[in-house]
C-alpha cells in the first residue's frame, strides 16, 4: 500500500515532534528558503528543550524583518542552538536568541558556515567525522582533536544527525521528490537528507511523474511529509530587484 506523504495542515505535520528533539531548520539570510509555516506550527505545538541547527538563530535583521525561528526562542522552546550567525546584525537590536545566550539560558555552539554544512552533509551520508583546517587557532577549536595534513593543522569535526528537518522546497510530487528554486537551494537539500523525519513546506504538489526526474534534487526516499502553502504572507517570499529598488 502506498504511503500518503501529503498532510493537509502544517499543525498535523509537526504534531508528533517530541520534547528534546534536534531540529534542522533551512534558512540563510532571508525568507525565500525558510520553512515559515512549519516553524510557526512548531511554535504552536510547543515542543520544549529543542536543539535548533540552522545557519542563524533567527531574528538577525539582515533582510526583511519577519517572524522566522526567532519565535521558538521567544516561546522558551530552545535549550541549545548550533549556528554560524547567531547574533543580530545590529548591536542596538539584539535578537531573542542573542539575549538568551548571553544570559546563559540557551547554550550556543558556534560553527563556521562551511563546517556546519559539511557536518550536516556527513550526518546524511553516514560519515561520522572529518578533519578541516577551518577554525584552527580560534575560539571554535575548543578541545577538538588536531591532526596535520600537508603541513596544515586540522580540527576533527563530528557529524550532526538530527531527529527532524523542517525544509522549504518549491515543488514536490506525492512521493516526496523535491525541487528547489532561488535561495531554497542553500541548506535545505542537505538537511532534507539528514533527519529521521523530514517535513517539506512546498508551493506546489503534483502527481508522480509531474516532475522531470532530471530536475529532482532531493529524492522522495528522504522525505516523510509534505505540506502545501495555501496562504499569502505579508512580505515577499522571493525578493525581486523591483522590491529592493523600492526599499533603497
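Quick note: the coordinates plus some simple rules give every number you see, no bench work behind them. Remember, it's a predicted structure, so these values are computed and weren't measured experimentally. A quick note on method: Cβ atoms are made from the backbone with ideal geometry, for glycine too, and the neighbour counts reach across all protein chains shown.
Of the residues 73, 87, 130, the one with the fewest other Cβ atoms within 10 Å heads the list, and the complete ranking is 130, 87, 73. Axis of helix 36-45 versus longest Cα principal axis of the chain: the two differ by about 80°, to the nearest ten degrees. Working note: Cα atoms of the chain, range along each principal axis, descending, whole Å: 52, 41, 40.
Taking Cα atoms only, the orientation of helix 113-125 departs from the longest principal axis of the chain by about 60 degrees. Given contacts defined as C-alpha pairs under 8 Å and at least six residues apart, what's the relative contact order of the chain, whole-number percent? Relative contact order for the chain comes out at 21 percent.
Using just the helices of the chain, give the 222 nm mean residue ellipticity in deg cm²/dmol: DSSP H runs with n ≥ 4 each add -39,500 (n - 2.57), and the total is spread over all residues, rounded to 500. Value at 222 nm, helices only: -5500 deg cm²/dmol. Length, then width, then depth: along the principal axes, the Cα atoms of the range 121-206 run 52, 25, 23 Å. Fewest-first ordering of 50, 102 by other beta carbons within 10 Å of each residue's beta carbon gives 102, 50. The ranking of 11, 157 from fewest to most other beta carbons within 10 Å of each one's beta carbon is 11, 157.
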